[in-house]
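The values are calculated or read from the model by the stated rules, or taken from the named source; none is laboratory data. Computed from a prediction, not measured in an experiment: that's the story for all the values here. A quick note on method: Cβ atoms are made from the backbone with ideal geometry, for glycine too, and the neighbour counts reach across all protein chains shown.
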Amino acid sequence: MSGLQAMTEPITGRPRSGLLRRLAVGALGSSAFESARSVYRLARGEERSAPFPLRHKLEWWRRGFRADSAAIYDLPRNDWRDYVSDYMRDHRCSTINPAPGVFDQKVLFRSFLLTQGFKQADTVAVIAAGNILLHPFDGPRYVAREEFERWLVADGGSFVMKPQDGSRGQDIFLVEVRDGALVRRRGARETPFRLPQRGATVVERRIEQGAFWRELSPSTTNTVRALSMWMPGEDTPFIGCAVQRVGTAETAPTDNWSGGGICAPIDLATGRLGVGRMNPLKRKGADSVYTHHPDTGVRIDGAVLPHWDRIRDTVLRAAVSLPLNRYVGWDVVVDDAGSPVIIEANKNTDVNLLQVHGGLLVEPRVRQFYQAVGVLR
């Protein structure tokens, strides 16, 4: 075998990453190599829609922040040492949970929550490779596309269709009936209904959220994102931070903050909301701070969440039911009966929507947690 062949993978012909890494470490030294790799990864994740001068980017990359995150957190006006950096989030928080795979598959995780007695949205179908499994948790049976579509039309309800392993609100659509035909809706755009062609998709009945959340934004499902933390050596977890997410006409049917939604901080003791914030980079110079919802005019700042005690209790009970996982971002919607429903659990939650209101590390207990699990070194 030639020297070139020895350095390449047998099928792809690409250089072996392990060998190249050893060569780079030998040339640069391990510390310089890790620093260079960290800067590369930060650069690769930089928000392309938010151009910054290279000098400005390098200034924040060396502290572990992307330039877009520094703008969101209003650095250096705020102290960067109070914030969980992008490097920490991507490369240290990702290893906090010893069993992160439990969150990767929505259907399996939903099965777990149901067995633990947590109320869930009605899953009406799972679609994969052209196969449609109707009522997967209650009398499952495979049906053809025509029968499935007839069932949806006859039911007449609203359904959410989302990738079963997706994240960040991507590829989520609302499925509804218009004049006897099925349509998919995302924001203000409606298209004829069609089955997904790739991956696995979950179709669930849209939860009728409580009046407080309907009034805020009736076209979107508005969720609480609560971050649970479980300190090593302690018997129970705690909630380190929580925000109320609220969708807009731009994000319907989701409340996705990265896509143009609003989030407001929640006082953990009282459930009172603070001022709502949009991602300032999405506003392109426009005001990103809201005391009232821009579409409905309903007050955000100072409003008190109904059933906050129940929401908090549901999150902590769910967190303690997963003893192998220490760090989870829970998405909870409250239905019209006042019952909290967990619709998502994130093994390594985004922190930008939490820290747009202030650095997580300001809170002593939260800082102690990050130190205990090795995120702060």
Original post:
Within the set of pairs 6+ apart or on separate chains, which have a first residue in segment 238-258 that is under 29 Å from ARG365 (Cβ atoms), a second that is among the basic types (Lys, Arg) and assigned to a loop (DSSP other than H, G, I, E, B), and C-beta atoms under 9 Å apart?
Top reply: ASN256/ARG168; SER258/ARG168
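Filter segment 325-339 for residues that are of a type outside the set (D, E, K, R) and in contact with a strand residue (DSSP E or B) (Cβ under 7 Å, 6 or more places away or on another chain) and give the result.
TYR327, VAL328, GLY329, TRP330, VAL332, VAL333, VAL334 - these are the residues of segment 325-339 that are of a type outside the set (D, E, K, R) and in contact with a strand residue (DSSP E or B) (Cβ under 7 Å, 6 or more places away or on another chain).
Using the structure shown, decide if GLN164 is farther than 23 Å from ASN131 by Cβ, polar (S, T, N, Q) and under 22 Å from the mean Cα position of the chain (by Cα). Explain how you work it out, then say what you get.
Details: farther than 23 Å from ASN131 by Cβ: no; polar (S, T, N, Q): yes; under 22 Å from the mean Cα position of the chain (by Cα): yes.
Answer is no for this residue.
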Subject >> Top-ranked residue in segment 199-223 [being touching a Phe, Trp or Tyr at 6+ places or on another chain (Cβ under 8 Å) and part of a strand (DSSP E or B); ranked as surrounded by the most Cβ atoms within 10 Å (Cβ to Cβ)] >> reply: VAL203
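Just to be sure before I move on: is LEU305 in contact (Cβ under 8 Å) with a residue 24 or more places away in the chain, closer than 22 Å to PRO98 by Cβ and aliphatic (A, V, I, L, M) in the structure I sent? Before the answer, list the steps.
Numbers: in contact (Cβ under 8 Å) with a residue 24 or more places away in the chain: yes; closer than 22 Å to PRO98 by Cβ: no; aliphatic (A, V, I, L, M): yes.
Judged against the criteria, LEU305 is not a match.
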Original post:
Mind checking which residues of segment 322-347 are over 10 Å from SER228 (Cα atoms) and among the aliphatic types (A, V, I, L, M)?
Top reply: LEU322, LEU324, VAL332, VAL333, VAL334, ALA337, VAL341, ILE342, ILE343, ALA345
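Which of the helices (runs of 4 or more DSSP H) found entirely inside segment 52-142 contain at least 1 residues meeting this: of a type in the set (A, V, I, L, M) and in contact (Cβ under 8 Å) with a residue 60 or more places away in the chain? Please lay out each step first, then the result.
Details: elements: 54-61, 67-72, 86-91, 106-115.
Passing ranges, in order: 67-72, 86-91, 106-115.
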Subject >> The listed residue being among the charged types (D, E, K, R), crowded, with 18+ Cβ neighbours inside 10 Å and over 18 Å from the mean Cα position of the chain (by Cα), out of ASP313, ASP295, ASP301 >> reply: ASP295
**OP:** Could you give me the residue pairs with C-beta distances under 7 Å whose first residue belongs to segment 322-348 and is over 20 Å from TRP257 (Cα atoms), whose second residue is aromatic (Phe, Trp, Tyr) and at pLDDT 95 or above wherever it lies, and which are 6+ apart or on separate chains?
**Re:** ARG326/TRP230
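Step by step: first the residues of segment 232-256, then only those that are of a type in the set (Gly, Ala, Ser) and either more than 11 Å from THR221 (Cβ to Cβ) or in contact with a Phe, Trp or Tyr (Cβ under 8 Å, 6 or more places away or on another chain) (or both), then the one that is surrounded by the fewest Cβ atoms within 10 Å (Cβ to Cβ). Which residue is that?
Of the residues in segment 232-256, the ones of a type in the set (Gly, Ala, Ser) are 233, 240, 242, 247, 249, 252.
Narrowing further to those that are either more than 11 Å from THR221 (Cβ to Cβ) or in contact with a Phe, Trp or Tyr (Cβ under 8 Å, 6 or more places away or on another chain) (or both): 233, 240, 242, 249.
On the way: GLY233: 6, GLY240: 19, ALA242: 24, ALA249: 14.
Only one residue tops the list, namely GLY233.
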Subject >> Residues that are out of contact with any Ser or Thr (no Cβ under 8 Å at 6 or more places or on another chain), buried (at least 19 other Cβ atoms within 10 Å of the Cβ) and in a loop (DSSP other than H, G, I, E, B), drawn from segment 257-278 >> reply: TRP257, GLY271, GLY274
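If only one of ALA181, ALA129, ALA154 is among the small types (Gly, Ala, Ser), loosely packed, with under 14 Cβ neighbours inside 10 Å, closer than 30 Å to ALA337 by Cβ and not assigned by TED's automatic domain parsing to the domain that holds THR349, which one is it? Show your work before the answer.
Working: ALA181 fails: closer than 30 Å to ALA337 by Cβ; ALA129 fails: closer than 30 Å to ALA337 by Cβ.
Testing whether each residue is among the small types (Gly, Ala, Ser), loosely packed, with under 14 Cβ neighbours inside 10 Å, closer than 30 Å to ALA337 by Cβ and not assigned by TED's automatic domain parsing to the domain that holds THR349 leaves just ALA154.
Over 28 Å from VAL356 (Cβ atoms), over 21 Å from the mean Cα position of the chain (by Cα), modelled with pLDDT under 90 and part of a loop (DSSP other than H, G, I, E, B), is that true of PRO196? Break it down into steps so the answer makes sense when it comes.
Working: over 28 Å from VAL356 (Cβ atoms): yes; over 21 Å from the mean Cα position of the chain (by Cα): yes; modelled with pLDDT under 90: yes; part of a loop (DSSP other than H, G, I, E, B): yes.
Yes: the conditions hold for PRO196.
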Original post:
Here is a list of conditions, (1) under 30 Å from PRO323 (Cβ atoms); (2) in the same structural domain as TYR327 (by TED's automatic domain parsing), and ALA200 meets all of them except one; can you say which number that is?
Top reply: (2)
